[in-house]
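Asks: Here it is: the structure, laid out below.
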Ligand code: KPL
């Protein structure tokens with residue numbers, strides 16, 4: 001049995017795909033009220049993909065459920081909730097259980113590794129596009145891939161090895177931190193502009209104007225410290241490609257702002273500014289972008305962290 005903690009769009013996308021494929025899966029909900037609503041609504045989700053809709057039954061439970069211990073946990077909360085969510089099920093984790101972290105940005109993954117040295121904490125980078133037009137209704141808008149790896153170079157756990165790639169297009173990545181750094185840089189170059197200008201990803205280059213080239217330069221200086229031999233042109237091409245391929249998407253940060261939710265700024269530009277400082281790098285363009293974003297969020301009455 002697999003457990004999915006976090007009933008946002010990504011958590012439900014994982015749970016629904018697993019359930020459709022016949023995997024025994026449980027969704028862990030935050031509290032009794034959430035469970036009551038879930039059960040009252042029929043313990044299922046509406047799953048929409050390529051114009052087709054189906055109802056997928058998904059049993060749910062509470063973090064302290066006595067049902068089964070947890071062997072494999074897919075942690076799909078927002079980055080800022082990951083630590084407390086993990087803490088809520090800590091007592092149920094079997095010795096050596098694996099925790100697959102699906103969070104955006106960086107920082108929450110390392111915090112989990114530090115706090116749970118006896119679990120296999122796996123890091124992942126996800127490129128699926130998914131959104132929820134209504135509670136318990138998920139629309140899988142863009143089929144992506146999931147890169148997974150163990151930062152401590154342990155082998156892939158058996159439950160994941162057995163997961164059919166037709167169900168979830170996952171790939172084991174021996175250098176998962178490299179993938180996470182690159183995704184972080186992409187998010188730093190795209191998400192803030194989409195939130196600041198309330199625009200889709202495709203408009204980012206126009207909105208960033210002359211800032212984009214020096215920003216990519218700064219991001220590359222940091223990435224090159226972590227990924228030996230990493231070229232500036234590679235990062236620049238990657239960022240331009242993602243902007244083009246996701247041109248009509250609303251970034252996760254813009255979606256958060258629209259929903260008046262806390263954003264993951266601390267795990268995206270915040271983490272990156274801090275990592276640059278720790279490495280003695282100056283990143284004036286990124287710093288200004290981070291500050292502008294904080295001011296914008298404050299103006300909207302949203303948390304700035
Ligand atoms: O990951 C993303 C996000 O929205 O957080 C990008 C790559 C910007 C795609 O929308």
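Bear in mind these aren't lab numbers, they're just calculated from the coordinates by the rules spelled out. Not measured: the values here are computed from a predicted model. No Cβ is skipped: glycine too gets one built from the backbone with ideal geometry, and neighbour counts run over all protein chains shown.
Asks: Mark the label point 7 Å from the Cα of residue 152 along Cα→Cβ and return the residues of the range 85-101 whose backbone N is within less than 15 Å of it.
Replies: Hits in the range 85-101 for residue 152 at 15 Å: 94-101.
Asks: Note down the relative contact order for the range 29-108 as a percent, whole number, built from C-alpha pairs under 8 angstrom at least six residues apart.
Replies: In percent, rounded to a whole number, it is 27.
Asks: Over the Cα atoms, compute the radius of gyration (one decimal) and Dmax (the largest Cα-Cα distance, rounded to a whole number) for the range 1-89, in Å.
Replies: Radius of gyration, then largest Cα-Cα span, for the range 1-89: 12.6, 39 Å.
Asks: Set the Förster radius R0 to 22 Å, insert the Cβ-Cβ distance between residue 171 and residue 288 as r into 1/(1 + (r/R0)^6), and round the FRET efficiency to 0.05. Display every interim value, and only then the final one.
Replies: Working: r = 36 Å, r/R0 = 1.63.
Working from the Cβ atoms, E equals 0.05.
Asks: Looking only at 29, 225, 160, which one moves most when the chain is put into a Gaussian network model with springs between Cα atoms under 10 Å?
Replies: Fluctuation is largest for 225.
Asks: Also: Can you compute the radius of gyration and Dmax for the range 122-170, using only the Cα atoms, both in Å?
Replies: 13.4, 40
Asks: What is the order of 299, 246, fewest Cβ neighbours within 10 Å to most?
Replies: Working: 299 9, 246 20.
The order, fewest Cβ neighbours first, is 299, 246.
Asks: For the residue pair residue 21 and residue 206, what label-to-label distance in nm results when each label sits 7 Å from Cα along the Cα-to-beta-carbon direction?
Replies: Using points 7 Å along Cα→Cβ, the separation is 4.0 nm.
Asks: Okay, next question. Using 0.36 nm per residue, how much length does the chain from residue 36 to residue 164 gain when fully extended, once their Cα-Cα distance is taken away? All intermediate terms of the calculation are to be shown ahead of the outcome.
Replies: On the way: separation 128, 0.36 × 128 = 46.08 nm, distance 3.22 nm.
Once the chain is fully extended between residue 36 and residue 164, it gains 42.9 nm.
Asks: I've got another one for you. Measuring from centroid to centroid over Cα atoms, what is the spacing of the range 55-118 and the range 172-219 in Å?
Replies: Here the two parts' Cα centres lie 28 Å apart.
Asks: How would you rank 269, 233, going from fewest to most other Cβ atoms within 10 Å of each one's own Cβ? List each step's numbers first, then the result.
Replies: Details: 269 27, 233 9.
Taking fewest neighbouring Cβ atoms as first place, the list is 233, 269.
Asks: Determine the relative contact order of the range 16-164: mean sequence separation of Cα pairs under 8 Å and six or more apart, normalised by residue count, in whole percent. Each step should come with its number before you reach the end.
Replies: Numbers: 233 pairs, mean separation 27.9, N = 149.
Here the relative contact order equals 19 percent.
Asks: Once you order the gyration tensor axes a ≥ b ≥ c over the Cα atoms, which shape class does the chain get: rounded for a/c under 1.5, otherwise prolate or oblate by comparing a/b with b/c?
Replies: Working: a/c = 1.72, a/b = 1.43, b/c = 1.20.
Note, shape of the chain comes out prolate.
Asks: Relative contact order, percent, of the chain when contacts are C-alpha pairs under 8 Å separated by at least 6 residues?
Replies: Numbers: 524 pairs, mean separation 42.5, N = 305.
Relative contact order of the chain: 14 percent.
Asks: Turning to a different aspect of this structure: Output the 0 to 90 degree angle, nearest 10, between the alpha-carbon long axis of helix 212-226 and the longest principal axis computed from the alpha carbons of the chain.
Replies: Between helix and principal axis, roughly 60 degrees.
Asks: Right, next: Please check which bits of the range 4-31 a label hung off residue 134 would reach, taking the label as a point 7 Å along Cα-to-C-beta and the cut-off as backbone N under 17 Å.
Replies: Label zone hits: 9.
Asks: Additional query: Take 159, 170 and order them by how many other Cβ atoms sit within 10 Å, fewest up front.
Replies: Fewest-to-most ranking of 159, 170: 159, 170.
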